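Each value in this text was obtained by applying a stated rule to the coordinates, not by laboratory testing. Bear in mind that the values here come from a model prediction, so they are computed numbers and not experimental data. Note that each Cβ is placed from the backbone with ideal geometry, even for glycine, and that neighbours are counted across all protein chains shown.
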Amino acid sequence: MNMSWSFKIITLLLLTSLCGCAGQRMPQTRMTAKAETDICRIAIMPFENRTRDDQAPTMAYRVFMAELIGTGALEVEPEGDVGLFRLRHRLFPGERLLPAQYADLARQMKVDAIALGRITDIGYDNSRGERDIPYIALQIELFDVRRGHPVLNTIHRRYGDEYRKMMHFGVITTTTGLMARMSQEIIADWLKKGVGNCP
């Protein structure tokens, strides 16, 4: 009888764990028809804000940049150099570049592509359990500055409790932590699709 009870508990825990993994959403990345993935050096532009949280785009931009640098898969242009370029060209976060600006970016910074991001939703949800669970939705586009056309477009949305392994273990409780994990997933997806395939 005790053996049967133990078996039921173990089975229930395994099923709970598997169900938690099955519900995870991965990044939705669309490559363009003309996409070239010989991208080794990129500039990340400050993220556009489409939320009411004034700090959200800066946090997301810096976390994404840190995670990308941490992989070593791509060379990332320093934030200060990107800021000077934006200042010279009077570019606002999320603003599209003109063809001449693409050429300037490629010539001045020697980058292959730029990443333009936007935060579309961020906050904490208290309806998913006993604590506030962070959520983030964002979109990141990668543009080839040498050829002047888009490479890919990634949309990603996550809740912190989607990483739950068992009970409360694995739940992400901050937007910064959630952004870091989402960034890792986006970057892994890009690399899988061939971006950053550099010597």
Next item on the list: Kindly provide the trypsin sites (Lys or Arg not before Pro) of the stretch 60-109 that DSSP labels as loop, not H, G, I, E or B, and whose Cβ sees at most 14 other Cβ atoms within 10 Å.
Entry: ARG90, ARG96
Notebook entry, point to check: So which aspartates and glutamates can LYS192 reach, going by Cα to Cα under 15 Å and dropping same-chain residues fewer than 8 places off?
Noted result: GLU36, ASP38
Next item on the list: Restrict the search to the stretch 83-181; then list the GluC sites (Glu not before Pro) that DSSP places in a loop and that have at most 13 other Cβ atoms within 10 Å of their Cβ.
Entry: GLU130
Margin query: If each residue of separation counts as 0.36 nm, what is the full-extension length gain between MET26 and ASP132 once their alpha-carbon separation is subtracted?
Written below: 36.0 nm
